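Step one of this worksheet: look at the structure below.
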Amino acid sequence: MAAPALNTDPTEARIADLTLPTGGWSEAARVDALARLRSAGLPQRRDEYWKFTRPDLLTQSTAQAAVLDHDEAPIFSGTEALRIVFDDGVFNPDASDALAMEHVSIERLTDTQADIHWAKGLYGVLEQAGQTPVLRPLAALNTAFASDGVLIHVMGKAPKAINLVYNHRLETSDAILHHVIKLDAGADLTILENGPAAARFNKVMEVDIGDGASFHHVRAQGRDHERLAATHIFARLGTESTFKSFTLTVNGRLTRNDCIIELTGDDAVAHVAGACVGDGDFHHDDTVFITHDALRCESRQVFKKVLRNGAVGVFQGKILVKQGAQKTDGYQISQSLLLDDDAQFLAKPELEIYADDVVCSHGSTSGAIDDEALFYLRSRGVPAAIATDLLTLAFLAEAVDEIENEELREVLVDRLEGWLERHRG
Amino acid sequence: MLTIKDLRVKLEEEDKQILKGVDLTVEAGKVHAIMGPNGSGKSTLSYVLSGRDGYEVTGGTAHLGDVDLLDIEPEERAAAGLFLAFQYPVEIPGVGNMTFLRTAVNAQRKARGEEEMSAAEFLKVVRARAKELQIDADMLKRPVNVGFSGGEKKRNEILQMAMLEPKMCILDETDSGLDVDAMKLVASGVNALRDAGRGFLVITHYQRLLDHIKPDVVHIMSDGRIVKTGGPELALEVENNGYADILAEVA
């Protein structure tokens with residue numbers, strides 16, 4: 001390695017700040033990931049998928065401080081779940097439930113020195129597969145340097161959800177978490193994630209979904225927090241399996257959520273949805289890449305963004321239908337509601353199709369509150385601010401309705417209503 | 001109840017005077033009808049009273065009781081007791097009809113300093129009122145006016161009126177787009193709300209609706225003014241002879 005004094009390459013500078021965990025079953029995967037990171041280099045503005053989002057805040061050596069804000073109860077605290085708590089990216093056993101549940105094995109990434117075969121076969125594997133055709137250096141960095149995380153193996157129907165809670169306690173914390181989740185054939189698991197996590201948060205979740213298995217994911221990011229976050233979900237779907245993910249983001253200075261899904265078994269279903277509401281210093285980027293590589297699979301991308309006061313929303317969504325992936329049903333919609341003239345929405349929908357018997361549709365729109373509807377509501381006595389909130393929630397409904405569980409949906413709608421009330425224009 | 005004096009209104013965006021001095025008083029317990037040819041300013045009058053954007057009042061006054069309507073926001077006018085049944089009710093995807101009704105009822109109650117209606121009480125009242133208008137549970141659950149037929153939309157307007165119990169109801173061409181049966185149903189909904197404390201202003205092109213909602217007073221509006229006022233027989237005269245004769249007579 002070059003002497004530090006000569007080292008001006010930003011990737012090497014970043015690597016020099018971090019320590020590669022050594023020993024144990026994951027070492028080989030980490031070394032490989034580090035090589036991937038070196039070869040790719042950290043993301044830069046000129047990269048195809050970083051044109052709309054500044055990568056520098058996510059890649060610079062020191063995380064920008066984020067003011068702590070703990071005035072709201074964690075969103076899923078009333079929901080029945082096995083809770084696994086991380087403070088600034090470090091597992092907190094005292095605040096967590098016992099890591100035990102019927103049909104499920106849960107281990108802490110860093111506790112596991114033994115050669116666990118299933119995790120070894122997945123850790124960094126789905127991430128690596130997801131580096132083609134688009135490089136994802138922040139995910140490779142994560143695989144190499146992740147300092148904590150959980151390994152979850154689901155062998156049947158999990159009796160309750162697992163809630164990953166990410167607390168932020170230190171103003172300048174910089175956390176790198178990596179989770180690996182494996183669902184055996186026919187297994188069923190719901191993962192809930194919430195909390196700002198750290199001043200800067202890099203998280204990867206690799207999910208391997210066996211034949212006929214079902215994975216649900218509901219995530220709430222933000223809580224009016226200043227944090228920066230780059231997250232990746234890499235999912236591989238087997239035959240007749242289901243993947244459904246919904247993310248609510250309320251504020252946050254910078255959020256980049258990548259979701260990379262590979263439909264490898266016939267008749268699989270993948271839905272990814274997101275609703276975000278941003279006011280002021282807010283930049284939110286949803287980047288989705290769905291690959292259809294089997295027969296009769298269905299994919300849906302539904303993303304809705306409410307932006308005001310200089311907030312910026314980005315959507316980059318791709319559906320790739322490989323040769324032979326006949327009878328693919330792909331759908332993609334991204335929409336923004338711009339509550340004033342300063343808000344901005346940047347969208348790049350992409351379809352790339354190599355099969356001839358498929359249905360793929362996509363749409364993207366930006367708009368303001370419908371004046372006719374607003375007047376109609378006001379003429380019935382609904383004050384303008386409440387009417388605007390109602391119409392905003394109505395706009396978000398298509399995304400929020402992607403959450404199948406009614407109780408969870410209500411919890412998220414409550415959180416949205418609270419945000420709208422606090423951020424009335 | 002409703003007192004309009006010399007009301008003059010132009011379009012905000014262009015230099016076009018629509019109302020050129022309207023004088024009208026609707027007393028509590030009475031039904032007034034305004035008839036008139038297309039473009040005479042009937043719908044503009046209803047929009048200006050309810051506070052829609054796009055119009056500039058250049059003169060005159062409009063009061064509901066002693067409330068100066070032109071000085072307050074649309075939602076305040078509603079809370080003061082004004083209700084406009086829209087000619088074209090607006091579709092609002094994503095907002096459930098029931099949520100909408102309950103939000104409106106409670107917002108008005110709150111604005112008037114009254115206690116909000118509980119969910120259970122609201123449900124009981126809305127079900128009863130909906131039944132009278134043959135509005136089924138499914139229509140209450142669906143998003144506001146989305147996928148409703150013309151008749152369903154108008155019945156939904158009357159349901160809102162019944163729930164909000166306004167003092168002064170303006171019906172803007174409520175008969176448009178309705179078949180005879182739907183019109184009868186809407187009219188009976190309106191008639192059920194007639195009482196000594198409530199005034200109605202029914203705007204229509206045709207006498208037909210007035211067979212079912214019998215007016216006390218009929219006004220003819222033309223070119224931004226009320227040019228003739230009479231009893232129910234005036235509506236029959238329009239039906240038989242058209243507007244031309246009446247307009248020629250007053251010219």
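The rows are residues; the columns are (1) surrounded by 22 or more Cβ atoms within 10 Å (Cβ to Cβ); (2) within 14 Å of chain B (Cβ to nearest Cβ); (3) among the acidic types (Asp, Glu).
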position: A:ASP293; (1), (2), (3): no, no, yes
position: A:GLU298; (1), (2), (3): no, no, yes
position: A:VAL302; (1), (2), (3): no, yes, no
position: A:ILE319; (1), (2), (3): yes, no, no
position: A:GLN326; (1), (2), (3): no, no, no
position: A:VAL358; (1), (2), (3): no, no, no
position: A:ARG380; (1), (2), (3): yes, yes, no
position: A:ALA385; (1), (2), (3): no, yes, no
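Within the range A:274-287, being of a type outside the set (Ser, Thr, Tyr) and surrounded by fewer than 24 Cβ atoms within 10 Å (Cβ to Cβ) holds for A:ASP279, A:GLY280, A:ASP281, A:HIS283, A:ASP285.
Results for (1) outside any loop (DSSP other than H, G, I, E, B); (2) over 16 Å from A:PHE303 (Cα atoms), shown as yes or no for each residue.
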{"position": "A:GLU171", "(1), (2)": "no, yes"}
{"position": "A:ILE176", "(1), (2)": "yes, yes"}
{"position": "A:ILE181", "(1), (2)": "yes, yes"}
{"position": "A:ILE191", "(1), (2)": "yes, yes"}
{"position": "A:ASP208", "(1), (2)": "yes, yes"}
{"position": "A:HIS216", "(1), (2)": "yes, yes"}
{"position": "A:GLY252", "(1), (2)": "no, yes"}
{"position": "A:HIS271", "(1), (2)": "yes, no"}
{"position": "A:ALA275", "(1), (2)": "yes, no"}
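Inside the range B:142-158, can you point out the residues that are part of a loop (DSSP other than H, G, I, E, B) and charged (D, E, K, R)? If the condition is that a residue be part of a loop (DSSP other than H, G, I, E, B) and charged (D, E, K, R), then B:ARG142 is the only one that fits. Quick one: in the range A:387-403, which of the residues that are closer than 18 Å to B:VAL146 by Cα and of a type in the set (D, E, K, R) is nearest to the other protein chains (Cβ to nearest Cβ)? The qualifying residue nearest to the other protein chains (Cβ to nearest Cβ) is A:GLU398.
The single residue among B:LEU11, B:LEU70, B:LEU2, B:LEU19 that is closer than 22 Å to B:LEU210 by Cα and not basic (Lys, Arg) turns out to be B:LEU2. Any chance the range B:140-150 includes a residue that's closer than 28 Å to B:LEU69 by Cβ, within 14 Å of chain A (Cβ to nearest Cβ) and within 22 Å of the chain's Cα centre (by Cα)? Within the range B:140-150, one or more residues are closer than 28 Å to B:LEU69 by Cβ, within 14 Å of chain A (Cβ to nearest Cβ) and within 22 Å of the chain's Cα centre (by Cα).
No other residue among A:LEU412, A:LEU420 is within 24 Å of B:ALA111 (Cα to Cα), away from chain B (no Cβ under 13 Å), touching a residue at least 40 places away in the same chain (Cβ under 8 Å) and part of a helix (DSSP H, G or I) apart from A:LEU420. Set side by side, the residues B:GLY242, B:GLY224 differ, and just one is surrounded by 14 or more Cβ atoms within 10 Å (Cβ to Cβ) and not charged (D, E, K, R), which is B:GLY224. It is to be established whether one or more residues within the range B:221-241 are hydrophobic (A, V, I, L, M, F, W, C) and within 17 Å of the chain's Cα centre (by Cα). Yes: the range B:221-241 contains one or more residues that are hydrophobic (A, V, I, L, M, F, W, C) and within 17 Å of the chain's Cα centre (by Cα).
Any chance the range A:148-168 includes a residue that's farther than 25 Å from A:SER77 by Cα, surrounded by fewer than 20 Cβ atoms within 10 Å (Cβ to Cβ), among the charged types (D, E, K, R) and in contact with a Gly (Cβ under 7 Å, 6 or more places away or on another chain)? No; the residues of the range A:148-168 include none that is farther than 25 Å from A:SER77 by Cα, surrounded by fewer than 20 Cβ atoms within 10 Å (Cβ to Cβ), among the charged types (D, E, K, R) and in contact with a Gly (Cβ under 7 Å, 6 or more places away or on another chain).
Contact map, the range A:139-164: residues that are acidic (Asp, Glu) paired with residues that are crowded, with 24+ Cβ neighbours inside 10 Å and at pLDDT below 95, Cβ distance under 9 Å, separation 6+ or inter-chain. No pairs are found. Being assigned to a loop (DSSP other than H, G, I, E, B), out of contact with any strand residue (DSSP E or B) (no Cβ under 8 Å at 6 or more places or on another chain) and either touching a residue at least 60 places away in the same chain (Cβ under 8 Å) or not basic (Lys, Arg) (or both) is a property that B:GLY189 lacks. Does A:ARG409 satisfy the condition of being basic (Lys, Arg) and surrounded by fewer than 22 Cβ atoms within 10 Å (Cβ to Cβ)? Judged against the criteria, A:ARG409 is a match. Residues being closer than 26 Å to B:LEU64 by Cα, in contact with a helix residue (DSSP H, G or I) (Cβ under 6 Å, 6 or more places away or on another chain) and surrounded by fewer than 21 Cβ atoms within 10 Å (Cβ to Cβ) are entirely absent from the range B:176-189. Which residues, counting only those in the range A:17-38, are loosely packed, with under 14 Cβ neighbours inside 10 Å and touching a Pro at 6+ places or on another chain (Cβ under 9 Å)? Once the filter is applied, which keeps residues that are loosely packed, with under 14 Cβ neighbours inside 10 Å and touching a Pro at 6+ places or on another chain (Cβ under 9 Å), the range A:17-38 yields only A:GLU27. The selection criterion, being touching a helix residue (DSSP H, G or I) at 6+ places or on another chain (Cβ under 8 Å) and modelled with pLDDT of 95 or more, does not hold for A:GLN344. Within the range B:215-251, track down each residue that is of a type in the set (Asp, Glu), without any contact (Cβ under 8 Å) to a residue 60 or more places away in the chain and in contact with a strand residue (DSSP E or B) (Cβ under 9 Å, 6 or more places away or on another chain). Scanning the range B:215-251 gives B:GLU233, B:GLU237, B:GLU249.
Considering the range B:48-99, and only residues there that are assigned to a loop (DSSP other than H, G, I, E, B) and among the small types (Gly, Ala, Ser), the residue that is nearest to the other protein chains (Cβ to nearest Cβ) turns out to be B:GLY51.
For the range B:20-48, name all the residues that are within 24 Å of B:GLY231 (Cβ to Cβ) and either hydrophobic (A, V, I, L, M, F, W, C) or free of Cβ contacts under 8 Å to residues at least 40 places away in the same chain (or both). Across the range B:20-48, the qualifying residues are B:VAL22, B:LEU24, B:THR25, B:VAL26, B:ALA28, B:VAL31, B:ALA33, B:ILE34, B:MET35, B:LEU45. Answer with yes or no whether A:LEU374 is more than 14 Å from chain B (Cβ to nearest Cβ), touching a residue at least 12 places away in the same chain (Cβ under 8 Å) and assigned to a helix (DSSP H, G or I). So A:LEU374 fails the test.
The values are calculated or read from the model by the stated rules, or taken from the named source; none is laboratory data. Since we're looking at a predicted model, the values are computed, not measured. No Cβ is skipped: glycine too gets one built from the backbone with ideal geometry, and neighbour counts run over all protein chains shown.
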